[in-house]
Amino acid sequence: MTFTQQLWDIVQRPAAAALTSLGYPPYLIFTSPMDAFMITWFKLPLLVSVFLASPWILFQAWGFIAPGLYKRERRLAVPFVLSTAGLFISGGMFAYFIAFRYGLAFLLGVGQGVNIRPMITITEYFDIFVNVILGCGIVFEMPVLIFMLTLLRITSPSFLMNHSRYAILIIVIIAAIITPTPDIFNLMLFSAPMVLLYFLGVFLSYLLVLRRENRRFPWKPFLIWLLAVLAFIAAGVWIAVSRLGFHFVQQWPFLTK
């Protein structure tokens with residue numbers, strides 16, 4: 001609560017940027033005397049506290065799961081907490097810096113061609129903000145969820161791969177619910193990272209199964225291919241910056257002319 005003013009400045013920044021880009025004053029409004037107080041002094045600090053306390057919350061969740069695991073599997077406590085908290089915070093950052101900004105700009109610009117002027121209340125704006133930020137944070141936990149289900153022998157990598165088409169369908173439906181706009185671009189902006197996270201979870205569960213069966217993953221050829229792909233991407237970025245006149249920016253797509 002000490003940093004309420006600075007926190008609200010960060011939260012309303014996407015709205016200010018979207019309104020400014022559309023030629024409107026960068027202001028939100030409130031229609032009830034209690035709105036500003038409830039949002040800035042109660043709900044906002046609570047939302048930030050959830051993200052700051054996520055490592056401790058997840059540690060408590062691990063304490064609930066740990067008694068049902070083998071002793072060697074309990075050693076995964078620290079990686080579980082760090083990876084889960086990291087993915088949760090990464091999902092929130094992805095929503096804030098990329099997905100939410102594009103979705104908001106689309107929504108505010110819909111009525112511009114028919115002379116409809118937006119007047120957004122802080123309550124409506126903050127509700128959408130919380131839904132998108134928390135939704136992405138929870139969805140980014142998918143690799144950990146898949147890994148834990150494999151650890152508890154509820155599922156297996158082969159089952160997940162054989163039914164991946166249904167998983168992708170469910171992911172797209174979830175993305176459609178989280179996405180604040182109905183257009184296909186923002187739907188793909190949400191669903192594509194979720195699909196990648198799903199297959200990352202399948203890969204991690206496959207590594208777990210290999211360890212149980214005392215088999216080793218062929219890391220050397222895998223790392224060679226990974227480095228080749230990263231080198232190809234780095235070369236493309238270098239060509240775009242040095243030859244094609246692109247430059248880096250602080251928001252998506254981070255590389256533009």
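Listing for the model above:
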| read-out | value |
| --- | --- |
| Tyr206 being surrounded by fewer than 16 Cβ atoms within 10 Å (Cβ to Cβ) and at pLDDT 85 or above | no |
| Residues within the stretch 134-165 that are part of a loop (DSSP other than H, G, I, E, B) and either not assigned by TED's automatic domain parsing to the domain that holds Phe97 or not hydrophobic (A, V, I, L, M, F, W, C) (or both), tallied | 5 |
| Test set (1) exposed (fewer than 12 other Cβ atoms within 10 Å of the Cβ); (2) within 21 Å of Phe129 (Cα to Cα) - Arg75 fails condition number | (2) |
| Tabulated pairs, the stretch 1-22, first more than 20 Å from Met38 (Cβ to Cβ) and assigned by TED's automatic domain parsing to the domain that holds Met93, second among the hydroxyl-bearing types (Ser, Thr, Tyr) and part of a loop (DSSP other than H, G, I, E, B), C-beta under 9 angstrom, 6+ apart or interchain | Ala16/Tyr27; Ala18/Tyr24; Leu19/Tyr27 |
| Top-ranked residue of the stretch 23-57 - restricted to ones that are among the β-branched types (Val, Ile, Thr) and touching a residue at least 12 places away in the same chain (Cβ under 8 Å), ranked as surrounded by the fewest Cβ atoms within 10 Å (Cβ to Cβ) | Thr31 |
| Test for Val48: is it of a type in the set (Val, Ile, Thr), within 30 Å of Met148 (Cα to Cα), assigned by TED's automatic domain parsing to the domain that holds Arg212 and modelled with pLDDT of 85 or more | yes |
| Checking Val81 against (1) assigned to a helix (DSSP H, G or I); (2) within 20 Å of Ile120 (Cα to Cα); (3) not aromatic (Phe, Trp, Tyr), the condition it does not meet | (2) |
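The values are calculated or read from the model by the stated rules, or taken from the named source; none is laboratory data. Everything quoted here is computed from the prediction, not taken from an experiment. Neighbour counts are summed over all protein chains in view; Cβ atoms, including those assigned to glycine, are modelled from backbone coordinates with ideal geometry.
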